[in-house]
Amino acid sequence: MTALTYWLWLSTLPGVGSQMKLALLEHFGGDPERIYFGEEGEYLLVEGMTRAIAGALKQKSLDTANRVLGDCDKLGLRIITIQDLDYPDRLRNIYDPPILLYVQGRMPQFDGEVAVAMVGTRRCSPYAMEMGERLAYQLAAHGAVVVSGLAAGSDSAAHRGALRAGGFTAAVIGGGHDIIYPRESRYLYEDLAVRGVILSEYPPGTEHMGSHFPVRNRIISGLCLATVVLEAPARSGALITASRALDQGRDVFALPGLMGDPRCEGSNLLIRDGAGLITDVWDILGHYAAAFPHKIRNIKVEEARRFGSEAPPPPEKSEKKPPEEPALPLLDLNGDHGLTDDQLRILRTLQGRTMQVDDIIEAAQIPARRVLSALTMLELDRIVTQESGKRFSLAVKLK
């Protein structure tokens, strides 16, 4: 019998909560095999133990543990226990860490990463969806690890943005790896399994139940230095994650939303109560760049690469030469620019012109709401610039 069998026996044992499992491990020197062969009298010495829980520990069948081992082998899952070196210290040191994790994909060394959780409502607005994907793209492009929950809406936007940037992203799910939830995330799930990592404390075959999601949220925040709330109503799972992050001593940021929109009420309240307000990706990364200089890439160098231009050479010393206008960075629309179709059409509309919003809407033949959303993203990315009178012009040269 392998030691992992006893870990699985303990982790899947019904009637024993996560806190009691941790207390048992502490009492029995971190050895689940000793717990398995323990007797009721010794169980009752554990702090918080009841006779009902001690009775549950008498269930010695290893059938479930052996089935889970077989399922993990078929699915290509790895099991990491709380005592393994691969288990992140950040997670190990929270109040209620899971005693083991089922892992699909490549497990990064979270303790050395600028890991940022991104959460929000499943029924988020188009603005929050677009901003979430763009913010995740920027975080990943500059070296951060994006962590979310693979749910519909904000979570999926965060994972997509990180993958589009060629970065690393981690998903923490509320059920077994063999049950894809939601079903429409199947292709995203497959991408994550290859290019990122999917984690769960639930064994294969476990349904994704509503009660599991608030529980898994402590893992999302526990793996990260910061949690970003994209959009959240006053009663929202995203706010539970933010609360867990604060309990764990982690930073919380929020994207400001429209006043009066119930989808933004919770995230706006977070800002009112002291959460960091996000206007730019460096509102987040600026807190960690000094501590992780080998992870966070230099923004000016990265922007130059993205726009296909190099830093200009130092000017020659000459008193007679008049000052020259600085050359605009080059944006190659045929390259990997990460822009949406709306943004591309607006850039081509603005080429060589300065235009007011109404003129852009008419010339581009795009609905006003989508034009405003696209212009916001382009301005945040310093691709367009806004002048007085809501007049916009290009801040780059198109190729």
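What Kirkwood hydrodynamic radius, in Å, does segment 337-397 give when the mean of 1/r is taken over all pairs of distinct Cα atoms and then inverted?
Values: mean 1/r = 0.0896 Å⁻¹.
Every distinct Cα pair counted, the radius reaches 11.2 Å.
Treating only the Cβ of Lys, Arg, Asp and Glu as charged (+1, +1, -1, -1), what charge dipole size does segment 1-127 show about its Cα centre? Round to the nearest 20 debye.
Details: 13 positive and 16 negative charges, 122 e Å.
Charge dipole of segment 1-127: 580 debye, to the nearest 20.
Can you work out the base-10 log of I(q)/I(0) for the chain at q = 0.07 1/Å, using the Debye formula on its C-alpha atoms alone?
-0.40
Between ARG51 and ARG272, what is the label-point separation in nm under the 7 Å Cα-to-beta-carbon projection?
5.1 nm
Taking Cα pairs under 8 Å and at least six residues apart, what relative contact order does segment 94-195 come out at, in percent? Intermediate values should be presented prior to the final figure.
Values: 159 pairs, mean separation 27.1, N = 102.
About 27 percent, as a whole number.
Got a sec? Charge dipole of segment 52-156, +1 on Cβ for Lys and Arg, -1 for Asp and Glu; which of ASN66, LEU135, THR81 is way out at the positive end?
About the Cα centre, the residue reaching furthest to the positive side is ASN66.
Output the Kirkwood hydrodynamic radius of segment 11-93, Cα pairs only, in Å rounded to one decimal.
Details: mean 1/r = 0.0708 Å⁻¹.
Computed over segment 11-93, the radius equals 14.1 Å.
On average, how much accessible surface per residue is there in the chain, in Å², for a 1.4 Å probe, leaving out ligands, DNA and RNA? Write down the numbers at each step before the final one.
Numbers: 19560 Å² over 399 residues.
Accessible surface, normalised per residue, equals 49 Å².
Just how many pairs of Lys in the chain have C-alpha atoms closer than 21 Å, counting pairs that are eight or more places apart or on different chains? Walk me through the numbers on the way to the answer.
Working: LYS21/LYS58; LYS21/LYS60; LYS300/LYS397; LYS300/LYS399.
Lysine pairs meeting both conditions in the chain amount to 4.
Among bridges DSSP assigns within the chain, what percent are antiparallel (round to 5)?
On the way: 14 of 35 bridges.
In the chain, approximately 40 percent of DSSP beta bridges are antiparallel ones.
Please check: in the Gaussian network model of the chain (C-alpha springs, under 10 Å), which one of ALA162, ALA368, ALA245 has the largest mean-square fluctuation.
ALA368
When you take every Cα atom in segment 190-236, what is the radius of gyration, and what is Dmax, the widest Cα pair distance, in Å?
13.0, 36
What are the trypsin sites (Lys or Arg not before Pro) within segment 1-108 that DSSP puts in a loop, where the Cβ has at most 16 other Cβ atoms within 10 Å?
Working: sites: LYS21, ARG34, ARG51, LYS58, LYS60, ARG67, LYS74, ARG78, ARG90, ARG92, ARG106; in loops: LYS58, LYS60, ARG106.
For trypsin sites (Lys or Arg not before Pro) across segment 1-108 that sit outside H, G, I, E and B with at most 16 neighbouring Cβ atoms in 10 Å, the list reads LYS58, LYS60, ARG106.
Rg and Dmax of segment 224-277 over Cα atoms: what are they, in angstrom?
Gyration radius and largest Cα-Cα distance of segment 224-277: 10.0, 31 Å.
Give, rounded to the nearest 20 debye, the magnitude of the charge dipole that the chain has about its Cα centre when Lys and Arg contribute +1 at Cβ and Asp and Glu contribute -1 at Cβ. Mind dumping the intermediate values first?
Working: 44 positive and 50 negative charges, 131 e Å.
The calculated dipole for the chain is roughly 620 debye.
Do any GluC sites (Glu not before Pro) in segment 159-223 lie in a DSSP loop with no more than 16 other beta carbon atoms within 10 Å, and if so, which?
GLU207
Express the carbon and sulfur contribution to the solvent-accessible surface of segment 66-124 as a percent, rounded to the nearest whole number, probe 1.4 angstrom.
Values: 1220 of 2700 Å².
Of all accessible area on segment 66-124, carbon and sulfur atoms account for 45 percent.
Only loop residues by DSSP count here, and only those with at most 15 other Cβ atoms within 10 Å; note down the GluC sites (Glu not before Pro) in segment 40-103 that meet that.
Numbers: sites: GLU40, GLU42, GLU47; in loops: GLU47.
When the GluC sites (Glu not before Pro) of segment 40-103 are filtered for loop state and at most 15 Cβ neighbours within 10 Å, GLU47 remain.
When the Karplus curve 6.51 cos²θ - 1.76 cosθ + 1.60 is applied with θ = phi - 60°, which whole-Hz ³J(HN,Hα) does each residue of segment 103-109 get, with x for Gly and Pro?
10, 10, x, 9, 7, x, 7
The values are calculated or read from the model by the stated rules, or taken from the named source; none is laboratory data. Note that this is a predicted model, so its numbers are computed, not measured. Because the Cβ atoms are built from the backbone with ideal geometry, glycine has one as well, and the counts that use them run over all protein chains shown. Only protein heavy atoms, including side chains, enter the accessible area calculation; ligands, DNA and RNA are left aside. Shrake-Rupley method; radii C 1.70, N 1.55, O 1.52, S 1.80 Å.
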